[in-house]
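Here's the structure, in structure tokens; my notes come after.
The values are calculated or read from the model by the stated rules, or taken from the named source; none is laboratory data. For clarity, every value in this text was computed on a predicted model and none was experimentally measured. Cβ sites come from the backbone with ideal geometry, for glycine too, and all protein chains shown count toward neighbours. When the accessible area is computed, the model is the full protein with side chains, heavy atoms only, and any ligands, DNA or RNA have been set aside. Shrake-Rupley method; radii C 1.70, N 1.55, O 1.52, S 1.80 Å.
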Amino acid sequence: MDIVILDGYTENPGDLSWSALEAFGNTRVYDRTPPEAIVERIGRADAVITNKTPVSRETMEACPALRYVGVLATGYDVVDIAAAKENGIVVTNIPTYGTDAVGQFAIALLLEIASRVGHHDAAVKRGRWAASPDWCFWDYPLMELSGKTMGIIGFGRIGQATGRIAKALGMRVLAYDTFPNDSGKTLAAYVGLDELLARADVIALHCNLTNETREIIRKETIAKMKDGVIVINNSRGQLVNERDLADALNAGKVYAAGLDVVSVEPVTEENPLLRAKNCIITPHISWAPVECRRRIMDLAVGNLEAFVRGNPVNVVS
């Protein structure tokens, strides 16, 4: 096979190996591919591996040898699925690879808001502790999470992973999901969305992006929340109306937000959350531990192998 990896750097910045994919044939790896180079780089390749580089209808029609597109992520909206079906191109994704890591990161965002470890570490290294007249100091309100209520919107695998850690911290857990299941019922009380918004001290988003969930956090839903609520989102940036959340942070209605995703990535200078009070933003790295990326690599190899054997798995087209 002739295989092209269009944007391999994020998946593998050098701490993993492409050798398992290379075993299938001639493999060309590009760290990044600008839009104007996509067609040229695919050329006569049989298979394309991509993460965020789009594979459009126009690209498929310009690359008639293409038979397979492997997406190095769960989301596959970078590929024109309708065009792939029409052109007989198999598209696969990586459905599950970072459940525990993403749950861990949601709690890490919450713990930073509660304990401000990073902030105070930086303060100490700037000499503020050495200059303090007291034996300790803090300049953010610190909080204990035990006894508080976490409301999780979207209680599938990742939501439940977050819920397990929250319970271990002594938090009560509420869940809102359109498909309650038995494993979820052992961790949380399922409630309606309005009840969750009204009761939760912390609201964590772990739902898919759909027409129903787009901007599920907006002015109207924020108004139903407790004063001083904390919002955590390391799911999809479009779940949040960013102007409305920024306004709520600046007004103090929302005490703090911890975000690993924004609506346009990389974040733009115009994003109002960059200037909002008490808002922590990280660069979409919940998924990025080496263990998760190694899992992605293994599953990508398995997807391609199954395709070559004529029995493709994790097919989305």
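For the reader, a short list of remarks on this structure follows.
- Within segment 7-39, being open to solvent by 30 Å² or more (accessible area, probe 1.4 Å) and among the acidic types (Asp, Glu) holds for Asp15, Glu22, Asp31, Glu36.
- Check on Glu265, surrounded by fewer than 14 Cβ atoms within 10 Å (Cβ to Cβ) and within 30 Å of Leu66 (Cβ to Cβ): yes
- The listed residues are Val301, Val308, and the only one of them that is over 30 Å from Met225 (Cα atoms) and either of a type in the set (S, T, N, Q) or open to solvent by less than 30 Å² (accessible area, probe 1.4 Å) (or both) turns out to be Val301.
- So Asp201, is it open to solvent by 10 Å² or more (accessible area, probe 1.4 Å) and within 24 Å of Leu142 (Cα to Cα): yes
- Counted as qualifying within segment 17-118 are the helices (runs of 4 or more DSSP H) with 3 or more residues that are under 30 Å from Val173 (Cα atoms), namely 99-115.
- Exactly one residue out of Asp139, Asp121 is open to solvent by 50 Å² or more (accessible area, probe 1.4 Å) and closer than 30 Å to Thr99 by Cβ, and it is Asp121.
- Top-ranked residue in segment 40-61 [being closer than 22 Å to Asp298 by Cα and more than 28 Å from the chain's Cα centre (by Cα); ranked as surrounded by the fewest Cβ atoms within 10 Å (Cβ to Cβ)]: Asp46
- Checklist (1) crowded, with 19+ Cβ neighbours inside 10 Å; (2) more than 28 Å from Pro95 (Cβ to Cβ) applied to Glu112, failing item: (1)
- For the residues Asp177, Asp182, Asp121, the requirement of being modelled with pLDDT of 95 or more and in contact with a Cys (Cβ under 8 Å, 6 or more places away or on another chain) singles out Asp177.
- Arg126, sole failed condition from (1) modelled with pLDDT of 95 or more; (2) open to solvent by less than 40 Å² (accessible area, probe 1.4 Å): (2)
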